[in-house]
Amino acid sequence: MQAVPDCFEHASDRAEFKRAAHRGGIELYCAHIVRHAFEPHTHEAFGLGAIERGVERFRLRGSDHLAPADSLVLMNPDELHTGRAETPGGWCYRMIYIDADVARAFTGVGWSFDAAVVEDVPRARRVGRLLAALWCCDEPLAFDSTLAEIFDTLRAHARIGGEPAPEAAHRFEPVFDFMRAHLAERLSLDTLAAVAGLSPFHFLRAFKARHHATPQQALMALRLFDAKQRLAAGEAPAQVAAASGLTDQAHLTHAFVRRYGVTPARYRAQVSRRA
């Protein structure tokens, strides 16, 4: 008997990832979520998308946000967030996750977004159509041209100029760098506080105030993102669990589903079918 199924706990929930063979740093995602609640996680990339049906509730930057149908969801890189349905029928949505350097290469400028949710019906519907088209693109030129249209559509809501809003400055960037370099190790509050140059409990309070998550939640988000990258590169789940600092493959599976909505095995299979 299979201990952990290759699907959500609730049959009504579904999610799928896809990557392009010719263009790194980009991941497509589409889902219909009714019962699943996503734990805090990060994509370490811009998360840009549109809600097609229903309403999503997610927590980001210390506040709850509601994203109704025909709205845009605009997340900056490295932002921890959650996600769950606000309506009984759940919500359907499409997203694209784009590394910051890829976004800069396409647009020629630095981007960031002040508003996580924008109710702009025409642009949301256009972005949804473009993301659906991007999913089906089988030619590199068509893929890149469609992506350029998405950037053009979202430009009106972007802060242009290379720097994020002041409140998004990475005060704890050295701590995140340290965690990324020691994912497989058992880290202590004292160790991370020393990296930040603060006393342990001052560090804990300041970290939570800035990132609206505990250092442990941030570390787990980084571990799962690292696992995601390793799985996409073809590594076996058991190897990924050890390299990413998870206790074992069962721990990886449980934590991965809670944050991304699919099992590690299913995610690896999905992204291996590249456009």
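Read-outs throughout are calculated quantities, based only on the coordinates presented, and are distinct from any laboratory measurement. Since the structure is predicted, the reported quantities are computational estimates derived from the model, not experimental observations. Heads up, the Cβs are rebuilt from the backbone with ideal geometry, glycines too, and the neighbour counts pull from every protein chain shown.
Of note:
- Spin-label pair THR107-ARG205: with each label point 7 Å from Cα along the Cα-Cβ axis, the two points sit 3.7 nm from one another.
- With at most 13 other Cβ atoms within 10 Å, longest stretch of the chain clear of loop GluC sites (Glu not before Pro) (DSSP): 10-184
- Out of every Cα-Cα pair that the stretch 167-272 contains, those further apart than 25 angstrom amount to 27 percent.
- For SER112, the residues whose amide H sits under 5 Å from its own are ARG159, ignoring neighbours fewer than 5 places away on the same chain, with H placed 1.01 Å from N.
- Taking trypsin sites (Lys or Arg not before Pro) across the stretch 186-275, the ones in a DSSP loop with at most 12 further Cβ atoms lying within 10 angstrom of their Cβ are ARG186, ARG273, ARG274.
- Per residue, the average separation of C-alpha pairs within less than 8 Å and at least 6 apart gives the chain a relative contact order of 22 percent.
- Cβ-defined net charge surrounding VAL102, 11 Å radius [Lys, Arg +1; Asp, Glu -1]: -2
- Gain upon complete extension [ALA194, ALA156; 0.36 nm per residue less C-alpha separation]: 9.5 nm
- Values of log10 I(q)/I(0), in the order q = 0.14, 0.22 Å⁻¹, for the stretch 107-219 under a Debye, Cα-only, solvent-free model: -0.79, -1.09
- Using the Karplus relation 6.51 cos²θ - 1.76 cosθ + 1.60 with θ = phi - 60°, the per-residue 3J(HN,Hα) values for the stretch 133-149 come to 5, 4, 4, 9, 5, 10, 10, x, 5, 5, 4, 5, 5, 5, 4, 4, 5 Hz, with x marking Gly and Pro.
- Per-residue Karplus couplings for the stretch 14-26, computed as 6.51 cos²θ - 1.76 cosθ + 1.60 with θ equal to phi - 60°, are listed in order as 8, 7, 8, 10, 7, 10, 8, 5, 9, 9, x, x, 9 Hz, Gly and Pro entered as x.
- When only the Cβ of Lys, Arg, Asp and Glu is charged (+1, +1, -1, -1), the dipole of the stretch 167-272 relative to its Cα centre reaches about 320 debye.
- Alpha-carbon radius of gyration plus Dmax, which is the widest Cα pair, for the chain in Å: 18.3, 55
- Dimensions of the stretch 105-148 from C-alpha coordinates, computed as largest minus smallest value along each principal axis and given longest first, are 33, 25, 13 Å.
- 18 Å reach of a label modelled at SER272, 7 Å along Cα-to-Cβ, counting backbone N of the stretch 12-36: 16-22
- Cα-centred dipole magnitude for the chain, charges only on beta-carbon of K, R (+1) and D, E (-1), debye, nearest 20: 320 debye
- In Å, descending, principal axis extents of the Cα set of the stretch 14-160: 40, 30, 28
- For the stretch 107-123, Karplus couplings with θ = phi - 60° (6.51, -1.76, 1.60), whole Hz, Gly/Pro x: 9, x, 9, x, 10, 7, 10, 7, 9, 6, 10, 10, 8, 9, 4, x, 6
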